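Every read-out reported here was derived from the displayed coordinates using simple, explicitly stated rules and does not represent laboratory data. Because the structure is a prediction, the values reported are computed rather than measured. In this analysis, Cβ positions are derived from the backbone assuming ideal geometry, glycine residues included, and neighbour counts consider all displayed protein chains.
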Amino acid sequence: MSKNLEFTGLEILRDYFKQMGGKEMLLFQPDGITYINKEKETVLDAARKAGVLVESPCGGNGTCGKCRVKVLVGEVNAITEEEKHFFTEQELQDGWRLACKLVPKHFRSCEVEVPNINLQMDSEKEAHLLYESELKKYEKKIKECLQEEEKDGKREKETMHGGSRESKADCVEKCASTFGIAVDIGTTNMEFLLWELENKRCVGRKIAENPLKIYGADVVARMTYALKHKENFKKSCSLLRNTIATLMEELLQTYLEQYPCEESREIENENENMGGGTHFSEQKAKSLLLQNMKEKVSTVSVVGNAAMMHFLAEVSPESLTRAPYKTKYKDSVSLSGMLFGLIHASVRLFPNIEGFVGADTVGVLAYLKQCREEKNGMSKVDDKAPVVIKTLKNSKDISKWDRVLMIDIGTNGELVLQKEGRLYAASTAAGPAFEGATISCGMRGEVGAIRGMQVKEKIELDVIGEVAPRGICGSGLISVIAELVNFGIIDETGYLLNRNEAIKQGCPKVLVDCLEIRGRETVFAISDTVLLTQQDIRELQLAKGAISAGITMLLQACKMNVCDLRGIVLAGAFGTHLQVDAAQRIGLLPDMEKKKIVPIGNAALLGAGVALFYSEEKWRALNNLAHKVQHISLAEMEGFQEVYLEAVGFAKVEEE
């Protein structure tokens, strides 16, 4: 029955096309969305205007091969050379094309199928593990940061604006407390933490992809799209805000399902007394509970990279697209919770520093500053703990923090170095390779992603979830390329040897057997379904070269060398899962003792969590902290291009 109904629906739409006369129409499946236009344009441009999600990491330049659509009906332009590179002959015969290269000849008779884009984390098992382990970790860290102020009686229970002291007794009795939400908006992913404020308890976590990825994998592509027309900018801002509102609502809904409270039971009992049991009454009860939860959210604090913060604040990022790359707003910004469906909440955006050193960096500094200000340190530190951790945890003397470098590796790499009590910051455009966006078989770090490889008698893969590989994430890309460089399959220039060249070089047979010819180029078959191409290697070289050159130039600006550093702190989720030895082997991180390179997780999000408890005085102090950071523009420094070009290569493997 459903198939017949679906077929009838399609026939009606197609019939409607014929009745539209001269109007140009394009039908997007499987959602049945129609788009009307009189100008010839690519399917990608049409999809953007129609609000249809089509993944396009390269921004529509035809270089990533990710904007795949299938032509179901209609005459279209000839297949381009770019498309021949990304599709097999069979796929092209089946109608698969790149949306950025596909132009219908007659829109009113054209119909395309768009693969579904899922912004959510897709593993129930993974979500369960996040709740069991990650929430406890976040909760512990924030509590440790706040415990000293609580002991001294300095913690004031007030909302972020105006020092409101409205009693929350009823809320505590029914649903434990009022709530706060910490948000981190990254280029690729967004992460949310839900907090019970009175209990200082982390009770929810959610991760989803940034919806603006449909306009490009990097912020430059997204800003370019947004600044083409005013409507594009408004659409980008609305999409980001609406998605955040939806995700926060889902976060609250998950809390209700996992933590039943007295109020939930009251509404459920009332529903039963009224005859309950119907689908309508159940939905109404859930809706009432969710609305009640949303009313109890009193504060939201947001960190993120500079470009995303501009979109969220609805401030034009135009100044970030041209030299000297200045941020349009620096101090923290307050938004109405009504914009996100939270009628009683104040939404506070962290300040930016300058250029592309954004609010996420300030979030890291806020977290580390809170740790440093504790009288007795974050927690007891084991004597065997790494030197850099002892320095960070035990020292409230600012001079002892000198010569520790903070690195946030991502699409936009951010660096902060303290020297003689002063903070210096810089950013470097690494691109989305570390997030898997511009890699042929790239994916984010979720179930099915290869995150490591070791070469022994056979190739051993570390796959998230211990399932068959579906793709490769950033840490896996670094691990694989490091191994191939070690064994000479990739030379110092980044060139991937073909099978004959690898045999001549005496490379291990287990690796030589993985070298295949696909189309006209050599690829390395990591598994039956996951391939590494020459272009993938080049993408990684550009990304790691940018980070490496950034470190070198920042140290140079501060008149320091790598040997002068006391340690390196890796902030961000990517740094947490990074294999330090592999990162050093490819030249992403400096050559120093591994024990001095320490990941601290998503410290920006932890900083946003700390800020949920801020008074107005503390927000002013946070603005002052951001003002004191000296921004260094690496691109304007003499010699940057030379250092960058040198950093793109790999160190030559020494012959034994």
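Miscellaneous remarks
- A convex hull fitted around the alpha carbon atoms of segment 307-360 yields 63 Å³ per residue.
- Here the convex hull built on the C-alpha positions of segment 408-534 has a volume of 141 cubic angstrom per residue.
- Shape of segment 540-602, Cα gyration tensor, a/c cut at 1.5: oblate
- Projected label points at GLN93 and THR493, each 7 Å from Cα along the beta carbon direction, are separated by 3.8 nanometres.
- Cβ-Cβ distance of GLU82 and THR576, R₀ of 35 Å, FRET efficiency by 1/(1 + (r/R0)^6): the value works out to about 0.45.
- From most to least packed by mean Cβ count within 10 Å, the peptides 227-238, 478-489 give 478-489, 227-238.
- Here the label points at LYS105 and LYS628, each 7 Å from Cα along the C-beta direction, are separated by 6.8 nm in the simple model.
- For segment 483-632, the spread of Cα positions along each principal axis, largest first, Å: 67, 36, 28
- Å³ per residue enclosed by the Cα convex hull of segment 560-656: 153
- Trypsin sites (Lys or Arg not before Pro) within segment 437-541, DSSP loop, no more than 11 other Cβ atoms inside 10 Å: LYS456, LYS458, ARG520
- Counting every C-alpha pair in segment 31-102, the share spaced more than 15 angstrom apart comes to 52%.
- Cross-linked pairs LYS200/LYS294; LYS206/LYS330; LYS228/LYS330; LYS296/LYS330: Cα-Cα separations exceed 22 Å for LYS206/LYS330; LYS228/LYS330; LYS296/LYS330.
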